[in-house]
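> Would you mind keeping the following structure in view while I ask a few things?
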Amino acid sequence: MLAAVYHGQRDVRVQQWDDPLPPGPEEVQLQVLRASLCGTDVDEFVSGPHLVPLNSPHAASGRRGPVVLGHEIVGRVVAAGTDVNQFGAGDVVVPGSGVSCGLCRWCAEGRTNLCERYYTVGLHVDGGLAERVNVPARICRPVGSMTEDVAIMAQPLAVALHAVRGTGARTGARVVVIGLGGIGALIVAACSARGIGTIAVDVSRARLETAERLGASLLVDASCEDAAAVIRRVTRGYGADIVIEASGARQGLGLAMNAVCRGGHVQLVGLHRDPSPLDLTRLVLDEIRISTSKVHVCHEDLPEALAMLAAHPHIASRTADRVIGLRDVVTQGFLRMAAGEVHGKVVVAP
């Protein structure tokens, strides 16, 4: 089959790859209908490997690269393992991205995204930027009558919902979202669907316009405005109750600290590769909480994402930038995203 395979930094090859083996007892094999590119995939392409186990086997999956990328997937079941009863051939499903053991203390607490044997489809085992992929049936959810072009946003929307849930945001809260890439834009959409207004901050006019279509209450162009000053002004000098930092940029964290109010909450979603100093004195004296959000909890966030997309299908159409073929995933996907030429989700139709 044809697949997009990660071999190292700036080295993703669209090539012939072995078909997946018949699915194991608890697996389903999917014909991939849609996949999409995540900022994590682009990070691996530009400066990795960070997460892909190229040099030694992954501790949980046992897999060593090269590996087929792609953890945002919609697929049709073409085969099911002997112990799979919930799905059959022809069912269209969305898998979550992470696989947990179900046995460790974190799984017992329902925090499966922190499982001690956690691994990610499309990073630690072969993923969905291919014609077919095997995934555990337990991480899949049916899409019902939803089209694949809507359903492909379910997994990244689940990540956004997990982040919003972690802040405890409610209607009336003053919420700032910094960084309006794939996840940041969906955080705006998730807040809007819950009746929560957001101040959306980015340096890209196109991404700001996407956030506006998704329901942002106020747009701040940080390329030409003092974003912290604008946020302070519109919050009567107090600052925001909640700041969600989704850019992963060093300056984004500094802005978050300058924009949050006393007793406020900074939620980190973007991955920060560079050292990022924090004003720890202010954190203590102003009792500012910092928390983080990792991926999603499959049984909690993925069903909610599918329900939200069923009720608000425009979230998908307003978030997608383009649909490309698998053969174009490097030239029209990774390279253009790395160059900042893409302002929404790149969807792949294998």
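The values are calculated or read from the model by the stated rules, or taken from the named source; none is laboratory data. Small disclaimer: the values here were computed from a predicted structure and weren't measured. Note that each Cβ is placed from the backbone with ideal geometry, even for glycine, and that neighbours are counted across all protein chains shown.
One line per residue, one yes/no per condition, for (1) in contact with a Leu (Cβ under 9 Å, 6 or more places away or on another chain); (2) in the same structural domain as Glu44 (by TED's automatic domain parsing); (3) in a helix (DSSP H, G or I); (4) under 24 Å from Val342 (Cα atoms):
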| position | (1), (2), (3), (4) |
| --- | --- |
| Leu123 | yes, yes, no, yes |
| Gly127 | yes, yes, no, yes |
| Arg141 | yes, yes, no, no |
| Arg165 | no, no, yes, no |
| Arg170 | no, no, no, no |
| Val177 | no, no, no, yes |
| Leu180 | yes, no, no, yes |
| Val188 | yes, no, yes, yes |
| Glu209 | yes, no, yes, yes |
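> Just the residues that are at pLDDT below 95 and either in a loop (DSSP other than H, G, I, E, B) or more than 24 Å from Arg233 (Cβ to Cβ) (or both), please, taken from the range 263-283. Talk me through it step by step, then tell me what you get.
Keep residues of the range 263-283 that are at pLDDT below 95, which gives 270-283.
Within the range 263-283, Gly270, Leu271, His272, Arg273, Asp274, Pro275, Ser276, Pro277, Leu278, Asp279, Leu280, Thr281 qualify.
> With the checklist (1) at positive phi; (2) more than 18 Å from the chain's Cα centre (by Cα) in hand, flag the one item Glu27 doesn't pass.
Every listed condition holds for Glu27 apart from (1).
> Scanning for something surrounded by fewer than 24 Cβ atoms within 10 Å (Cβ to Cβ), at pLDDT below 95 and among the small types (Gly, Ala, Ser), does the range 29-40 turn up at least one residue?
Looking for residues that are surrounded by fewer than 24 Cβ atoms within 10 Å (Cβ to Cβ), at pLDDT below 95 and among the small types (Gly, Ala, Ser), one finds at least one in the range 29-40, hence yes.
> For the structure I just gave you, tell me whether Arg111 is surrounded by fewer than 24 Cβ atoms within 10 Å (Cβ to Cβ), more than 18 Å from Leu37 (Cβ to Cβ), in contact (Cβ under 8 Å) with a residue 40 or more places away in the chain and in contact with a Gly (Cβ under 9 Å, 6 or more places away or on another chain). Show your work before the answer.
Numbers: surrounded by fewer than 24 Cβ atoms within 10 Å (Cβ to Cβ): yes; more than 18 Å from Leu37 (Cβ to Cβ): yes; in contact (Cβ under 8 Å) with a residue 40 or more places away in the chain: yes; in contact with a Gly (Cβ under 9 Å, 6 or more places away or on another chain): no.
When the stated conditions are applied, Arg111 does not pass them.
> Just checking, which of Val297, Val260, Val330, Val323 is aliphatic (A, V, I, L, M), at pLDDT 95 or above and buried (at least 23 other Cβ atoms within 10 Å of the Cβ)?
Working: Val297 fails: buried (at least 23 other Cβ atoms within 10 Å of the Cβ); Val330 fails: buried (at least 23 other Cβ atoms within 10 Å of the Cβ); Val323 fails: buried (at least 23 other Cβ atoms within 10 Å of the Cβ).
It is Val260.
> Let me ask something else about it. Please name all residue pairs, on different chains or six or more residues apart, with Cβ atoms under 7 Å, provided the first residue is in the range 222-246 and is basic (Lys, Arg) and the second residue is in a loop (DSSP other than H, G, I, E, B).
Once the first residue is basic (Lys, Arg) and sits in the range 222-246, its partners that are in a loop (DSSP other than H, G, I, E, B) give Arg232/Gly239.
> Inspect all residues belonging to the range 34-50 and state whether any of them is touching a Ser or Thr at 6+ places or on another chain (Cβ under 6 Å) and part of a loop (DSSP other than H, G, I, E, B). Explain how you work it out, then say what you get.
Going through the range 34-50, the residues touching a Ser or Thr at 6+ places or on another chain (Cβ under 6 Å) turn out to be none.
Scanning the range 34-50 turns up no residue that is touching a Ser or Thr at 6+ places or on another chain (Cβ under 6 Å) and part of a loop (DSSP other than H, G, I, E, B).
> Follow-up question, since we're still on this one. Out of the residues in the range 190-207 meeting the condition of being among the aliphatic types (A, V, I, L, M) and not in a helix (DSSP H, G or I), tell me which one is farthest from Cys38 (Cα to Cα).
Ile196
> Counting just the residues of the range 238-256 that are modelled with pLDDT of 95 or more and part of a helix (DSSP H, G or I), which one comes out surrounded by the most Cβ atoms within 10 Å (Cβ to Cβ)?
Among them, the one singled out is Ala256.
> Checking the condition in contact with a Phe, Trp or Tyr (Cβ under 8 Å, 6 or more places away or on another chain) and not in a loop (DSSP other than H, G, I, E, B), which residue from Val133, Val150, Val93, Val159 passes? Explain how you work it out, then say what you get.
Values: Val133 fails: in contact with a Phe, Trp or Tyr (Cβ under 8 Å, 6 or more places away or on another chain); Val150 fails: in contact with a Phe, Trp or Tyr (Cβ under 8 Å, 6 or more places away or on another chain); Val159 fails: in contact with a Phe, Trp or Tyr (Cβ under 8 Å, 6 or more places away or on another chain).
Answer to the check: Val93.
> Something else about it: Against the definition (crowded, with 22+ Cβ neighbours inside 10 Å and in contact with a His (Cβ under 8 Å, 6 or more places away or on another chain)), how does Gly127 come out, yes or no?
On the way: crowded, with 22+ Cβ neighbours inside 10 Å: yes; in contact with a His (Cβ under 8 Å, 6 or more places away or on another chain): yes.
Answer is yes for this residue.
> Checking Leu218 against (1) within 29 Å of His312 (Cβ to Cβ); (2) touching a residue at least 60 places away in the same chain (Cβ under 8 Å), only one condition comes out false. Which one?
Failed condition: (2).
> Still on this structure: Select from the range 170-182 the residues that are within 19 Å of the chain's Cα centre (by Cα) and modelled with pLDDT of 95 or more and write down the one among them that is surrounded by the most Cβ atoms within 10 Å (Cβ to Cβ).
Of all residues in the range 170-182, those within 19 Å of the chain's Cα centre (by Cα) come to 176-182.
If we keep only those that are modelled with pLDDT of 95 or more as well, we get 176-180.
Details: Val176: 27, Val177: 32, Ile178: 30, Gly179: 28, Leu180: 30.
Ranking the candidates gives Val177 first.
> Can you tell me which condition Pro53 does not meet? The list is (1) in a loop (DSSP other than H, G, I, E, B); (2) out of contact with any His (no Cβ under 7 Å at 6 or more places or on another chain), and all the others hold.
Unmet condition: (2).
> Let me ask something additional. If only one of Gly24, Gly88, Gly75, Gly62 is in a strand (DSSP E or B) and outside the structural domain of His162 (by TED's automatic domain parsing), which one is it? Outline the logic, then answer.
Working: Gly24 fails: in a strand (DSSP E or B); Gly88 fails: in a strand (DSSP E or B); Gly62 fails: in a strand (DSSP E or B).
Unique residue meeting the criteria: Gly75.
> Then there is this: Testing Gln86 on (1) surrounded by fewer than 20 Cβ atoms within 10 Å (Cβ to Cβ); (2) closer than 20 Å to Tyr119 by Cβ; (3) touching a residue at least 40 places away in the same chain (Cβ under 8 Å); (4) more than 17 Å from the chain's Cα centre (by Cα), one condition comes back false. Which one is that?
Every condition holds for Gln86 apart from (2).
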